[in-house]
Amino acid sequence: MKHLTLNEVAEQLRAGDNFVILTHRRPDGDAVGCAAALCRGLRSIGKTALVYENEQFTPKFRPYLEGLTSKNVPEGARFVSVDVASEGMLLYNLPQMEQGIFLSIDHHGRNTEFARLGYVRAEAAACGEIILELLELLNVTPDKEIAEALYVAISTDTGCFRYSNTTENTLLCAAKCMAWGADTFPINKTMFMTKRMARWNLESYLVQTAEFYRNGLIGLCKIPLDVQNDLGITEDDIDDISGFARQIEGVEIGVMLREVEGGSGKISVRTSPNYDAASICARLGGGGHAAAAGATVPGGIAGAKEKILKAIEEELG
C-alpha cells in the first residue's frame, strides 16, 4: 500500500468519482458514522458516492445511512474503505472488487495495508476524527446530518469520551460537530443511556457467570449463542459490551467471548494502560488498538476461551 498524506487523500478524492464506501463486519458507530459523513460530504461537492449495503447494519445506526446505501456499483467504481483494519474484515465478495480497494482510511495501528492507497493514523481515537479533517480539506461545509454522523463516529469509539483513547483533538472534534448543528443529547441518550430489557437481562447473566484468573487481574465473560437467542439479544444490545469485565475493580484485562456465525468464537479484549490488547490478539491473528482489540478463532466459546487464556499467559510471561 502506498501511504498518502491526508492532503494527498483529499487530492485523490477531488480528482476521482464514482466512489463506493465499504464498512467492516458487524459495523459499529465509527464505521457507520464515517461512511455516512464521507458519502454526504462527497456528494456535497458534486461527486457520485454511495455506501455499499451491508446486511449487518443495525436499526440503531441505519437512520444515519438513509438515502446513502445501495448494491448498485457504478461503472469504474473506486472502492474506499473506512475504519477497516484488514481485508478479512470486509463482508463483500464483489466481481468489481477484483481490481482491489482503491483507498483505505483507518486508525488501526495494525492495518494490514490491503488497499492500493492508504492513510492510517493510529493516534486518532476514532476514524471519525480523520474523516472530519478530510472533509475540511475538501472544503465541505458540514450540515446537521454530516455533523451528527461524525459525532456518532467519535463518541461511540471513545465510550462517550470516557475511554483512555480520548484526546484533546477528540474533544475539539466533538465541539466542531456541535457547532455545525449536531443535536448531541438525543444521540447520547440512544447510544449510552438507554438499554432494552434484553440487554439488562444479559448483564445479569454476565455477572452470574463471569470467571476470574490471576487473582482477579483477568475477567472473562461469555455469551453463548443459545443465551443470545433465549434473551432475544440483537447486535445493538451488545455493541458496547466488550469492556463489561473491565468495570470490576482490579480487572486490568477484560475478555468477552461470543459465539458467532459458523460456530466461530469472537474474542474482544479490553485492557488498562499496563497491558496491550492488540499484542495479545495478534497472537491469534487478530489486532486492534493497545486498549481494545479482537480476534475470531474456530471452536466456538470453548475454543476461544482456551486460545485467549493461552495468549494472555504468553503475553504476561
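The values are calculated or read from the model by the stated rules, or taken from the named source; none is laboratory data. Just so we're clear, the structure is a prediction, and the values are computed from it rather than from any experiment. Cβ coordinates were reconstructed from backbone atoms using ideal geometry, including for glycine residues, and neighbour counts include every protein chain displayed. Calculation scope for accessible area: heavy atoms of the full protein, side chains included, ligands and nucleic acids excluded. Shrake-Rupley method; radii C 1.70, N 1.55, O 1.52, S 1.80 Å.
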Cβ pairs under 8 Å, 6+ apart or interchain, first in the range 171-189 and at positive phi, second in a helix (DSSP H, G or I), ordered by first then second residue, are G181/K144; G181/A147; G181/E148
In the range 202-237, what count of residues is obtained for those that are surrounded by fewer than 19 Cβ atoms within 10 Å (Cβ to Cβ) and in contact with a Gly (Cβ under 9 Å, 6 or more places away or on another chain)?
-> 9
Note on the range 273-317: residues of a type outside the set (A, V, I, L, M), without any contact (Cβ under 8 Å) to a residue 40 or more places away in the chain and either in a loop (DSSP other than H, G, I, E, B) or in contact with a Cys (Cβ under 6 Å, 6 or more places away or on another chain) (or both) are N274, D276, R283, G285, G286, P298, G299, G317
Is at least one residue of the range 246-254 over 30 Å from T190 (Cα atoms), surrounded by fewer than 16 Cβ atoms within 10 Å (Cβ to Cβ) and not charged (D, E, K, R)?
-> no
Is it the case that D240 is within 21 Å of the chain's Cα centre (by Cα), of a type in the set (D, E), open to solvent by 40 Å² or more (accessible area, probe 1.4 Å) and under 24 Å from T194 (Cα atoms)?
-> yes
Restricting the range 256-285 to residues that are within 25 Å of I233 (Cα to Cα) and open to solvent by 20 Å² or more (accessible area, probe 1.4 Å), which is modelled with the lowest pLDDT?
-> E261
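Sort through V140, V152 and tell me the only one that's closer than 20 Å to L6 by Cβ and either aliphatic (A, V, I, L, M) or surrounded by 18 or more Cβ atoms within 10 Å (Cβ to Cβ) (or both).
Selected residue: V140, the only one of V140, V152 that is closer than 20 Å to L6 by Cβ and either aliphatic (A, V, I, L, M) or surrounded by 18 or more Cβ atoms within 10 Å (Cβ to Cβ) (or both).
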Sole residue being in contact with an Asp or Glu (Cβ under 6 Å, 6 or more places away or on another chain), closer than 22 Å to N18 by Cα and either of a type in the set (G, A, S) or modelled with pLDDT of 95 or more (or both), chosen from T69, T58 | T69
Within the range 1-59, restricting to residues that are part of a loop (DSSP other than H, G, I, E, B), in contact with a strand residue (DSSP E or B) (Cβ under 9 Å, 6 or more places away or on another chain) and among the aliphatic types (A, V, I, L, M), the one that is nearest to R116 (Cα to Cα) is M1
Quick one: G16 ticks every box in (1) open to solvent by 60 Å² or more (accessible area, probe 1.4 Å); (2) at pLDDT 95 or above except a single one, so which number is it?
-> (1)
Taking the range 46-65 only, how many residues are closer than 25 Å to I233 by Cβ and either open to solvent by 70 Å² or more (accessible area, probe 1.4 Å) or of a type in the set (V, I, T) (or both)?
-> 5
Out of E129, E145, E133, E98, report the one residue that is open to solvent by less than 20 Å² (accessible area, probe 1.4 Å) and either assigned to a helix (DSSP H, G or I) or polar (S, T, N, Q) (or both).
-> E129
Based on what the data block shows, is L172 at pLDDT 95 or above and under 26 Å from Y64 (Cβ atoms)?
-> yes
